[in-house]
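The values are calculated or read from the model by the stated rules, or taken from the named source; none is laboratory data. Bear in mind the structure is a predicted one, so any value in this text is a computation, not a measurement. When we count neighbours, we look across all protein chains shown, and the Cβ atoms used for this are built from the backbone with ideal geometry, even at glycine. Accessible surface areas use protein heavy atoms only, side chains included; no ligands, DNA or RNA. Shrake-Rupley method; radii C 1.70, N 1.55, O 1.52, S 1.80 Å.
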Protein chains: 4
Amino acid sequence: MTRFLPEHLLTGYQSFLDKRLPSERQRLRQLAESGQQPKTMVIACCDSRTAPEIIFDTAPGEIFVVRNVANLVPPYEPDGEYHATSAALEFAIHALKVEHIVVLGHGGCGGIHAALSPSAEPLSPGDFIGKWMSLLDPVARAVGSNDHMTDLERHAALERIAIRYSIANLRTFPPIVALESEGKLSLHGAWVDIARGELWAMDPETGDFMRPLE
Amino acid sequence: MTRFLPEHLLTGYQSFLDKRLPSERQRLRQLAESGQQPKTMVIACCDSRTAPEIIFDTAPGEIFVVRNVANLVPPYEPDGEYHATSAALEFAIHALKVEHIVVLGHGGCGGIHAALSPSAEPLSPGDFIGKWMSLLDPVARAVGSNDHMTDLERHAALERIAIRYSIANLRTFPPIVALESEGKLSLHGAWVDIARGELWAMDPETGDFMRPLE
Amino acid sequence: MTRFLPEHLLTGYQSFLDKRLPSERQRLRQLAESGQQPKTMVIACCDSRTAPEIIFDTAPGEIFVVRNVANLVPPYEPDGEYHATSAALEFAIHALKVEHIVVLGHGGCGGIHAALSPSAEPLSPGDFIGKWMSLLDPVARAVGSNDHMTDLERHAALERIAIRYSIANLRTFPPIVALESEGKLSLHGAWVDIARGELWAMDPETGDFMRPLE
Amino acid sequence: MTRFLPEHLLTGYQSFLDKRLPSERQRLRQLAESGQQPKTMVIACCDSRTAPEIIFDTAPGEIFVVRNVANLVPPYEPDGEYHATSAALEFAIHALKVEHIVVLGHGGCGGIHAALSPSAEPLSPGDFIGKWMSLLDPVARAVGSNDHMTDLERHAALERIAIRYSIANLRTFPPIVALESEGKLSLHGAWVDIARGELWAMDPETGDFMRPLE
């Protein structure tokens, strides 16, 4: 089998077998039998540095996770097209009945960078990233055109704006609005400073991001 | 901050700060400065029991990860619509220049269950899961109508068929075909038996899934 | 005598005389005097790799064994033709009054391969294998025509389907139905992974095959 | 799984896993990969006391085994009916190209007993044993009606006659005749004295059964 998967993944799998599996075996068997029952859904970025399972040190079965470029939630569009993120949301809310949805952004996001460089050459003729990040067009322009902010400031600003925008888009899904008003579902925002492994959490009242008080 | 995020995530974050961060600090700082350079992209399911970072015991920066329901890759469609998975693919191939793409399926997949129950009541009026899983329509019928197989067998069969189908769809993206033929990119399939924490790897010649011979 | 039997069998017989016979002598004498009283009948394949006496490490007298190609049970047909398997069943049930019947299949079965290649050239003009395996026609087609499964997957699927079909055929024998309903006879399915010497047992409720959870 | 198979078989399987599998693992893996290549086919009785794998202490992959009541070979009948034994023969000769076929009888055979009691009450309305053992009608009558022999002598006589008769029937299969004349296939007879665990081999010239000279 060693020729069937990248070597570094096989090494890691062996490490999983040796170190983690022994203590998780019971839990995994139970999770397979009873099905998953996560209380929380996390919408995170594909970025290799921001796995929510690492940041939140979660166990198997603990979080239901969508990962797309720049952790975006498109607005509700029951239009006949297939939508990866909306399908995951529907499953999390109606089948798993999660109690929390967390939109998790991070610093140095390549998707945010692309959203701030709309006139850049597309990565490929299909320009999939360009189309995907155009989801942020309604909120990216004002930041992108603000010459008084540095590049880093524009990025950091849009990373936070995008999290709040995705949360606003979550609220375009009728069942989310209903569940929130019944107190059965809470929406959260968070942002990770990769360089420090530091988490910032969004104040739901003000939209501000705050570090935990160490 | 304790009121801003689900309690179990804050507990997990504290555990990350105490146990993992000290040994990752150097690496994270470097990853933030130089940007991510993962060699491998993993397309996995949202399922809470199948985080690739846990199965492969990966470090931050090691794998670029898309997670959608049932780890599907839609076929290449440069049609003007936004496609979460295609955008991530484009970014992985053109910006990150990954050398491997792994489609990682798993047992007991709720999306596969939905694909095998096409006449079931939609989860919500939008029927996002129904539309998303209709991506498998071309390959699901023959399995779904086989009354001589058990439910579990139909599921296990379609889980594997779907992985091969997603790999075939990857090959509808022109740059993937080109990179593969130049030997710069390899496509892989894998499947996880949740109950056992056991990995099965796809033989790229035959499409069969094999357990490592311990 | 050395010229009367294949050398490897004589070598093996000498090994039996030296190693096993001394401890079995008492038991064999008693079995010859009182007659056999096995509690279990096993219907297994002729395949040289799947002797039930080896897999189940049984003692002389422990299991009554039919072995035919692909461990098939034909349906009840009191039609005047002689049927090897039906005769053995009748003897096991009425003369030996066994309490268990186990249909034991295995991976890589040549008979199953033939059943999935109905248009192949017959092995000989009599086409005995073709006729024998046509017993599976009612259940083989749906698997055989599924182009989305690999050869190995089609085989593995039909191996399991055939076990369940043979068990269903056992239930076309009126006395088996009667004994089962009286709780005097149990029917079982099992499957062996030759490469690993691994046994999978059939859940009688669902028909699924499960590995023992070591 | 303990509820899915008879307890004594599970105990035996555990014994196989503990004692025999470790030393057979390599061989089994190879046999699974390369397919079976037995040199010898054995036609034995279903009787629980006469497993050829025990008498000949064979390893997995060594002998291809048909077991039916009284180890009979029906004559060649390419008549459209399915015949378990003929199918196995065809497979052994044409697909496996075995070099030896051994018909293995034994003392105290219940099928031979039935053949000598043709007017007994059938075991069931289908009378499958009666029909099956009627294969011996052409050779059983003279012994059965010989009042000068004891029961035990009549049984022992017919057990040996039946072995020679099955060997004669083997020679009604055209390819067997051809292969024998080319020196590519040898036919053998053997008989086991259960009480002593003692093997008798047939002299192919005379048809006599002889004990190995201890």
Could you provide, to the nearest whole Å², the per residue accessible area of the range C:20-152 with probe 1.4 Å? 36
Assigning unit charges at the beta carbon (Lys, Arg +1; Asp, Glu -1) and nothing else, what dipole magnitude in debye, to the nearest 20, does chain B show about its Cα centre? 600
How well do other chains shield peptide C:88-101, expressed as the mean number of their Cβ atoms within 10 Å of each residue Cβ? 5
Pseudo-label separations to other copies for C:Pro174 - Cα-to-Cβ vector, 7 Å, nm: 4.2, 6.2, 7.3
Using the Kirkwood radius built from alpha carbon pairs, what does the Stokes-Einstein equation give as D for the range A:109-214 at 25 °C and 0.890 mPa s, in µm² per second? 158
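So if I place +1 on the C-beta of Lys and Arg and -1 on the C-beta of Asp and Glu, and nothing else carries charge, what would the dipole magnitude of the protein assembly as shown be about its Cα centre? I want it in debye, nearest 20. Could you put the intermediate results ahead of the total?
Values: 76 positive and 112 negative charges, 273 e Å.
So the magnitude is around 1320 debye.
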Could you check which residue among D:Ile43, D:Ile161, D:Ile101 shows the biggest mean-square fluctuation in a GNM of chain D with a 10 Å Cα cutoff? D:Ile161
Cα centroid separation, the range D:15-65 to the range B:107-126 (Å): 46
So which trypsin sites (Lys or Arg not before Pro) in the range C:96-153 end up in coil per DSSP with only 15 or fewer other C-beta atoms within 10 Å? C:Lys97
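Using a 1.4 Å probe on protein heavy atoms only, how many Å² of accessible area do D and C hide from each other, summed over both chains and rounded to 100? Let's see the in-between values first.
Working: alone 13170 and 13190 Å², together 18250 Å².
Chains D and C together bury roughly 8100 Å² of accessible area.
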With an 8 Å Cα cut-off and a minimum separation of 6 or more residues, compute the relative contact order for chain B in percent. 20
Spatially close lysines, pair count over chain D: Cα under 29 Å, gap of eight or more or interchain: 4
For the range D:1-131, what class follows from the C-alpha gyration tensor (a ≥ b ≥ c being the square roots of its eigenvalues): rounded when a/c is under 1.5, otherwise prolate if a/b is larger than b/c, else oblate? oblate
Classified through the alpha carbon gyration tensor (a ≥ b ≥ c as square roots of its eigenvalues; rounded if a/c is under 1.5, else prolate when a/b is larger than b/c, else oblate), the range D:36-210 comes out prolate
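Using only helices, what value at 222 nm comes out for chain B when you add -39,500 (n - 2.57) per DSSP H run of length 4 or more and divide by the total residues, to the nearest 500 deg cm²/dmol?
When only DSSP H runs of four or more count, the value is -11000 deg cm²/dmol.
Within 10 Å of each Cβ in C:28-40, how many Cβ atoms from other chains are there, averaged over the peptide? Can you show the working numbers first?
Numbers: counts 8, 4, 1, 6, 9, 3, 0, 5, 8, 1, 5, 5, 5.
Counting Cβ atoms of other protein chains within 10 Å of each residue's Cβ and averaging gives 5.
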Considering only D:Leu89, D:Leu199, D:Leu17, give the residue with the highest GNM mean-square fluctuation for chain D, with springs between Cα atoms whenever their separation is below 10 Å. D:Leu17
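Please sort by residue number the GluC sites (Glu not before Pro) in the range D:94-195 whose DSSP state is loop and whose Cβ has at most 12 other Cβ atoms within 10 Å. Please list the in-between numbers first.
Numbers: sites: D:Glu99, D:Glu153, D:Glu159, D:Glu180, D:Glu182; in loops: D:Glu99, D:Glu182.
Listed in order of number, the matching sites are D:Glu182.
Considering every residue in B:190-197, what mean count of other chain Cβ atoms within 10 Å of its Cβ is obtained?
That average works out to 6.
To one decimal place, what orientation-averaged projected area in nm² is obtained for the convex hull of the Cα set of the range C:59-120?
Values: hull surface 24.4 nm².
Averaging across all directions leaves 6.1 nm² for the Cα convex hull.
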Kirkwood-based Rg/Rh on the Cα set of the protein assembly as shown evaluates to 1.10
With springs only between Cα atoms under 10 Å, which of A:Val98, A:Val66, A:Val139 fluctuates most in a Gaussian network model of chain A? A:Val139
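Taking 30 Å as R0, compute the FRET efficiency from the Cβ-Cβ separation of B:Val177 and B:Asp79 and round it to 0.05. Provide the component values of the computation, followed by the final result.
Numbers: r = 19 Å, r/R0 = 0.64.
My answer for the efficiency is 0.95.
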Using the basic label-point model (7 angstrom from Cα toward the beta carbon), what is the B:Ser134 to B:Gln30 distance in nanometres? 4.9
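Counting Lys +1, Arg +1, Asp -1, Glu -1, what net charge surrounds A:Phe128 among other residues with beta carbon under 12 Å of its beta carbon?
On the way: positive: A:Lys131; negative: A:Asp127, B:Glu77, B:Asp79, B:Glu81, B:Glu90.
With Lys, Arg at +1 and Asp, Glu at -1, the net is -4.
At most 13 other Cβ atoms within 10 Å and a DSSP loop assignment: could you name the trypsin sites (Lys or Arg not before Pro) in the range D:1-63 that fit? Present the calculation step by step, with values, prior to reporting the outcome.
Details: sites: D:Arg3, D:Lys19, D:Arg20, D:Arg25, D:Arg27, D:Arg29, D:Lys39, D:Arg49; in loops: D:Arg3, D:Lys39, D:Arg49.
Answer by residue number: D:Arg3.
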Unit charges at the beta carbon, dipole of the range B:123-187: most positive-side option, B:Ala156, B:Pro138, B:Asn169: B:Asn169
When each copy gets a label point 7 Å from Cα toward the beta-carbon at D:Gln26, what are the spacings between them in nm, shortest first? 3.7, 3.9, 4.3
